[in-house]
Each structure stands twice: as C-alpha cells, then as structure tokens.
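These notes are about the structure you will find just below.
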Amino acid sequence: MENLSNISVIRDVLTRHGFSFSKGLGQNFLINPTVCPRMAESGNAQPGWGMIEIGAGVGVLTAELARRADKVVCIEIDSRLLPILDETLAEFDNIKIVNEDVLKVDLHKLIREEFAGMPVAVCANLPYYITSPIIMRLLEQPLPIRALTVMVQKEAAVRITAAPGTRECGAISAAVWYYSTPQMLFSVSRGSFLPAPAVDSAVIRLDLPEELPPDTPPKEDFFRVVRAGFGQRRKTLLNALSAGLCMEKDGVRQLLAAAALPETTRAEQVTLAQWKALAAAYGKMQ
Ligand code: SAM
C-alpha cells in the first residue's frame, strides 16, 4: 500500500479494522515519510541482506526494508495487527511476520532457518518500554548480526551511545561498548508519531564485530565490575567496588593499580580500556 506514513491513510486502515493503540505495548507509529527510508538505508537494508524488524505497527518501516533487502522477518507481539499487515504489505512476497514476543523468540533458530548464508542486520523503531532488555538480548547472545539500527527515546540514545569515560556514560553504555561500536545517527521529533509521545526520539546504530577483540575479558567479570562501579556512581570507585564486589579495600586498591586508576576516580571517568583492565584483574583474583 502506498503512503503508509500518511496520517489519513493510517487512520483509515486502523479505523476500518477497529484498532485502538495500546500504550502498554509502546505503540507510537511513524507518520513522518522521511524517517523510514533514512533508517532503512543507514540500517544495511540492501540486495543480498536479510533484515529483522521488531514491532511492525502498520508496516511502514517493514515496507521500506522489503523494498531494499532480500528478505525481512518482523517479530510483532500484537495479533490485532496481523490482518492490517496482510492488507498494507500485500504487494511484498519477501516479508514474514512472526507473531511473538521478541524477548521470547529463539533468535538463533530464527536466523538459522530464515537467513541461511545471508548477512543479517536488525532495523527497528523499538517499543520504548523494553528498549534496554531488547538491545541487551540482541548483543549478549551473541547473534550473527552485523548491525542494530534502532529508534529509541532521545535520552536513552544519548545514554546508550555515550563513550565510557564521559559524563553521560552509565552501566548500559559500558555494556553496549563491550559488544559494539555505537553511534548517534539522527533525531526524530515527537510530532513524527501517532499518537505523539511525550519525548523526542533518535536513531542510533550499533556496529558489531564478527568477533570481540582479543583483549576482551570474560563478560561475567566485566559486567560484575561495571555494575558494582555504577551501583553507587556518586562514590569513589574504591568505595563503590568494595561495596558492590564485597571486597576488602586493599583488594580493590590492587584492582585500581592494575588499571592505573587513582582511588578517587568515579565510574563515569573510567574508559573502556580501563574497565577491561579492571575486569581482567578481578578475574585473576577469583
Ligand atoms: N514499526 C512501527 C512504526 O515505526 O510505526 C511500529 C513501532 S511501535 C514504536 C512498536 C511496535 O512494537 C508496536 O507495533 C508494538 O505492538 C510492538 N511490540 C511491543 N512489544 C513487543 C514485543 N515484546 N515483541 C514484539 N513486538 C512488540
């Protein structure tokens, strides 16, 4: 169907199907015609590629992905949208809709069965109530995915892409940087959605390496140390790590020395290389 981002077209199709928006499912559909083509292009949708989308809505981004890539699999939890998508995406034969909760789908199996031999990327306007769980689930597995290009609330975009060692950085940024190289792509105003949310959004892109760099410590050690450090972010790292790792201060001093960090450092000042050094030293002590 043409003009899927046109507000009258969307209102018409939703009314005909008796659809009402679910706030609980984060249903804010895009009505700005420039956003989806831009997202699809920056999200690797191109010949030869397989794309995974999370949350189809009325299919506005799904259609842009299907126009450019070989195949699109879209995971959508709301079964009320299925008859709508049958109508709006009728012209495409390279789209499969999986009516499930993205947090419960076996993504390894899905990629193996649907995209054998193809490079795969994720491109989605995420439901905001589960932004971080979705991103972490996609990163942690790890999955054979080259890139995640996702729309999230602007504040979350700033936090997720903030480099460790900068003021906006938090535990989620350190986790994202452990697995990928994130970047902010562009902002999207709240008026670009139906219904309009209370805040603006932004599109970010996370590029994933085929393998993690050789200096990467085991994720269990890295995440324990990062969580402990940010658990009490106003305290010095000496106090935060001592409390969060249940360690004597002398032990923490050894960790800090291994990463060449002064005792007065706070979590937000620690760079990725220093978190890795702390985690490696912590791992050796166990
Ligand atoms: N892609 C559409 C667009 O840009 O207009 C819709 C985006 S809307 C922000 C989020 C979509 O995710 C909704 O269609 C919602 O039903 C779906 N959704 C919410 N929770 C989900 C979950 N746990 N698993 C899969 N889809 C989900």
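The values are calculated or read from the model by the stated rules, or taken from the named source; none is laboratory data. The shown structure was predicted, so the numbers you read here are calculated from the model rather than taken from an experiment. We place every Cβ from the backbone using ideal geometry, glycine too, and count neighbours over all the protein chains shown. Ligands, DNA and RNA are stripped out before the accessible areas are found, and what is left, the full protein with its side chains, is counted by its heavy atoms. Shrake-Rupley method; radii C 1.70, N 1.55, O 1.52, S 1.80 Å.
Data overview
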| item | result |
| --- | --- |
| Hits in segment 30-42 (condition: more than 13 Å from the ligand (Cβ to nearest atom) and either touching a Phe, Trp or Tyr at 6+ places or on another chain (Cβ under 9 Å) or at positive phi (or both)) | S42 |
| Matching option when the condition is more than 12 Å from the ligand (Cβ to nearest atom), surrounded by 15 or more Cβ atoms within 10 Å (Cβ to Cβ) and closer than 14 Å to V122 by Cβ, among A45, A56 | A45 |
| Residue ID - nearest to G55 (Cα to Cα), chosen from residues in segment 2-29 that are crowded, with 17+ Cβ neighbours inside 10 Å and away from the ligand (no atom under 12 Å from the Cβ) | V13 |
| Residue among R190, R159, R224, R146 that alone is charged (D, E, K, R), open to solvent by 70 Å² or more (accessible area, probe 1.4 Å) and within 13 Å of the ligand (Cβ to nearest atom) | R190 |
| Single condition G229 does not satisfy, out of (1) surrounded by 21 or more Cβ atoms within 10 Å (Cβ to Cβ); (2) at pLDDT below 95; (3) over 30 Å from S42 (Cα atoms); (4) not aromatic (F, W, Y) | (2) |
| Unique match (being touching a residue at least 40 places away in the same chain (Cβ under 8 Å), within 16 Å of the ligand (Cβ to nearest atom) and not in a loop (DSSP other than H, G, I, E, B)) among M136, M151 | M151 |
| Residue in segment 152-173 that is in contact with a helix residue (DSSP H, G or I) (Cβ under 9 Å, 6 or more places away or on another chain) and on the phi > 0 side of the Ramachandran plot present | yes |
| Matching option when the condition is among the β-branched types (V, I, T), in contact (Cβ under 8 Å) with a residue 40 or more places away in the chain and assigned to a loop (DSSP other than H, G, I, E, B), among T216, T264 | T216 |
| Residue count, segment 246-278 (criterion: loosely packed, with under 15 Cβ neighbours inside 10 Å and either closer than 17 Å to S173 by Cα or of a type in the set (V, I, T) (or both)) | 2 |
| Segment 123-143, residues that are open to solvent by less than 30 Å² (accessible area, probe 1.4 Å) and of a type in the set (G, A, S) | A124 |
| Odd one out for L82 among (1) in a helix (DSSP H, G or I); (2) open to solvent by less than 20 Å² (accessible area, probe 1.4 Å); (3) within 14 Å of the ligand (Cβ to nearest atom) | (2) |
| Verdict on I77 being out of contact with any helix residue (DSSP H, G or I) (no Cβ under 6 Å at 6 or more places or on another chain), assigned to a loop (DSSP other than H, G, I, E, B) and either of a type in the set (D, E, K, R) or surrounded by 14 or more Cβ atoms within 10 Å (Cβ to Cβ) (or both) | yes |
